[in-house]
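One structure is given here, and the rest of the page talks about it.
A short reminder: the numbers here are calculations on the coordinates, not readings from a lab. Source: prediction; values computed, not measured. We place every Cβ from the backbone using ideal geometry, glycine too, and count neighbours over all the protein chains shown.
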Amino acid sequence: MSDTALPDSIEIVPVAVPVDAVVQLPGSKSITNRALLLAALADGESLIHGALFSDDTRYMARALNDLGIAVDGDESACTYRVRGAGGRIPAASADLFLGNAGTATRFLTAALALGNGLYRIDGVERMRQRPIRDLLGALRQLGVNALDELGTGCPPVLIKSQGLEGGTARLRGDASSQFLSALLMVAPLSRRGVEIAIEGPLASRPYVDLTLTMMEEWADGLKYEEKATPDSDVSYRCQITGGQAYRSRTYSVEPDASTASYFWAAAAVTGGRIRVEGLGRDSLQGDVRFADVLRRMGCAIEWTESYTEVRGPSRLHGVDVDMNDISDTVMTLAAIAPFADSPTTIRNVANIRVKETDRIHAVATELRRLGVTVDERPDGLTIRPAARLLPARIETYEDHRIAMSFAVTGLRSPGITILNPSCVAKTVPDFFTRFRTLHNHVAG
């Protein structure tokens, strides 16, 4: 069933026995959108295999086409063919609509600094509430005329550029690592190089490591240096040499680790086994570390070069965990926490309040709807065990991760209905089709 065919609500049918499955999952959204941008900035034609086709990646591909960079997608083959413009933005003007695609919005805002003209980026109403002021301020420090059109610190964004000169930029790191990733990817194409200093803690550091790894793969001998930070207020500093270039290449996207978290959680909560192929110990994605959280909850984890397998225990244990590095999996943990034998505390994730929705408050609200006792804090949650959950209709707030997470809860507790399930089209359009197959794979 495609996203366009989904009903207004879906009731999740519990499984009577543990699930037991080997699953193949679609490509990583984070990697696909980075690969699309790096290919667009490269010199020559790149082929991206295993790419994700979802709302967020389609917005990115469409915007690049609107900027004069040819991107051809073959959804049946999960491939994108990109004819890069060698670090240029061919179009002298563009008015780009990016829905609620945060990665595309942040990455393209920085990339448009390489252009020579006037550009505008806008999105849906929620995107107009998602902060981008820190990134715009950093671009202005680098000589780019970058403004928030309505003066709210959020999109719509106006970029008037004449190429990226370079220089030094300082910005806060606690709002979104995507700001830093966006600057890093365009910095090698600046005229005289860029030094970036992050003030305060850096959220979701694994995504920055992912960005740098992919930059190295697209460039021949990428020249950059991550420096020591003697200043007490600077947690990260990186110097990137200017005048470099990205080269076209063939690239394979690994499966999405955030999506894998829902299937691993299904094993955890049913006492079953789920193996996700293509995500092994050397994965580029930080969210594979969610398996370590499940290990602490009593699951058995098997890592190999080619897969990660989770086996659930007879009873989950509560955990106290800092999830700043893997904040996209906060909702997954919260959705199974009521089944643990002790409270679960999630810390240091204040940044998820400005995602597709205020995820901390949304999760707390929906867990309470199920009869769960939840303590909500500015930077996280404490979730108490529940002897039984109440049947409930789960609001999803147009947030794909709320929908997918509470679907896992429904495998264990009857009467859970997911409202507006089509919101999963943002990242996994066929999620519910894939998820229903778990009923066909149970322990015998």
Check: Cα-Cα pairs above 36 Å in the chain: how many percent?
Finding: 25
Check: With the dipole of the chain worked out from charges on the C-beta (+1 for Lys and Arg, -1 for Asp and Glu) around the Cα centre, which of LEU135, ASN33, TYR397 lies farthest toward the positive end?
Finding: TYR397
Check: When the helix-only estimate is applied to the chain (DSSP H runs of n ≥ 4, each -39,500 (n - 2.57), divided by the residue count), what is the mean residue ellipticity at 222 nm, nearest 500 deg cm²/dmol?
Finding: -8500 deg cm²/dmol
Note to self: Pairs of alpha-carbon atoms within less than 8 angstrom and 6+ residues apart define the contacts here; what relative contact order does the range 2-71 have, in percent?
What the structure shows: 28
Check: If you bin every alpha carbon distance in the range 207-251 into 5 Å steps from zero, what whole percent lands in each bin?
Finding: 5, 18, 25, 22, 14, 9, 5, 2, 0
Next item on the list: Can you tell me which of 21-28, 400-407 comes out highest on packing, and rank the rest after it, using the mean Cβ neighbours within 10 Å?
Entry: 400-407, 21-28
Checklist line | Neighbour-count order for LYS223, LYS29, fewest beta carbons within 10 angstrom listed first | finding: LYS223, LYS29
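Could you give the size of the charge dipole of the range 29-241 about its Cα centre, using +1 on the Cβ of each K and R and -1 on the Cβ of each D and E, expressed in debye and rounded to the nearest 20?
In total the dipole reaches around 340 debye.
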Check: If one takes the longest principal axis of the Cα atoms in the chain, at what angle in degrees, from 0 to 90 and to the nearest 10, does the Cα axis of helix 102-111 lie?
Finding: 10
Item checked: the range 29-241: translational diffusion in µm²/s, Stokes-Einstein, Kirkwood Rh over Cα pairs, 37 °C, 0.692 mPa s -> 193
Next item on the list: Translational diffusion coefficient, Stokes-Einstein: compute it for the range 117-251 using the Kirkwood radius over C-alpha pairs as Rh, at 25 °C and 0.890 mPa s, and state it as an integer in µm² s⁻¹.
Entry: 158
Check: Does anyone have the angle between helix 205-218 and the longest principal axis of the chain? Alpha-carbon axes, 0 to 90°, nearest 10?
Finding: 50
Notebook entry, point to check: In degrees between 0 and 90, to the nearest 10, how far off the longest principal axis of the chain does helix 257-270 point, with axes built from Cα atoms?
Noted result: 10
